[in-house]
Amino acid sequence: MKTRVLLIDDHPLFVDGFAMMLRKSRPEWFLESSSSTAEALAVLRRGVDFDLIIVDVQLPEHDGFETLGLIAEFCPSAPRMMMSGREDGLAQLRAQQAGARGFVVKASPPETILATIDGVLAGQPHFARGYGSCDATPTLSPRQTEVMELLAIGCANKEIRYRLNIAERTVRAHLTEIFNVLGVNSRVQAILRARELGLIE
């Protein structure tokens, strides 16, 4: 099966260059691009499954951080990463908080961009060195916090589903993401770790 990538970026020259890079180094991959959050959400509503969603920090209407959150509602299990035109430690931290698994600067060499993509696809958080963001305290998105709070009071997946009005598969996807963020393997470990970090009461 082809690796399917969705790139959300409103700079045509960068999109063209990114597509050329993939054609040369990953010719078996499939790339689709959207120039806005609304356009990307329309693609996702068609039910297309992507192996990776890459979001630019600066987008029209919604910024990249808001876009990451909106995308999570449609594809909570799809790995997401962020790109930026400049090096910014705060942006990396915000990207992590919004659910991104990786962050890379657009001006990076192709091999660095590809290494970040490969790392994210392999399930490894991948952030640029030098800012300490990947060593920051783990954080959860607002929706993940809601899931954790319900988990902590003993709710099963079906109960969480009804209380949050989301699909049960979405609950499972959120739990998988939460486990990855907290570095745990079970619901009990997740509750203990989240309380230890002050993420839930």
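Every number here is computed from the coordinates shown, using simple stated rules; none is lab data. The structure presented is a predicted model; accordingly, all values stated were derived computationally and were not measured. Every residue, glycine among them, receives a Cβ derived from its backbone with ideal geometry; neighbour counts consider all protein chains shown.
Given their separation in residues at 0.36 nm each and the Cα-Cα distance between them, residue 189 and residue 70 gain 40.1 nm when the chain is fully extended. Working value for the chain: equivalent-ellipsoid semi-axes of 29, 19, 15 Å, each the square root of 5 times a Cα gyration tensor eigenvalue, largest first. Mean sequence separation of contacting Cα pairs (under 8 Å, at least six apart), scaled by the length of region 142-196, corresponds to a relative contact order of 34 percent. Of all DSSP bridge pairs formed entirely within the chain, close to 0 percent run antiparallel.
Whole-Hz Karplus values for region 153-169 come out as 9, x, 6, 7, 4, 5, 5, 4, 4, 5, 5, 9, 6, 10, 5, 5, 5 Hz, taken residue by residue from phi with 6.51 cos²θ - 1.76 cosθ + 1.60 and θ = phi - 60°; glycine and proline positions read x. A Gaussian network model of the chain, with springs between Cα atoms under 10 Å, assigns the largest mean-square fluctuation among 104, 184, 55 to 184. For residue 172, project a label point 7 Å along Cα to C-beta. Then give me every residue of region 65-94 with its amide nitrogen under 13 Å of that point. What the label zone holds, given the 13 Å backbone N cut-off, is 77.
With contributions of -39500 (n - 2.57) from each DSSP H run of at least four residues, the per-residue ellipticity at 222 nm computed over the chain stands at -15000 deg cm²/dmol.
Dipole magnitude for the chain: computed about the Cα centre from +1 point charges on Lys and Arg Cβ and -1 point charges on Asp and Glu Cβ, it is near 580 debye. Shown here is the pair-distance distribution of region 142-196: with all Cα-Cα distances grouped in 10 Å bins from zero up to the longest one, the shares run 26, 62, 12 percent. A simple rule links phi to the HN-Hα coupling: the Karplus curve 6.51 cos²θ - 1.76 cosθ + 1.60 with θ = phi - 60°, which for region 97-110 gives 5, 8, x, 6, 9, x, 8, 9, 7, 4, 7, 5, x, x Hz, with x for Gly and Pro.
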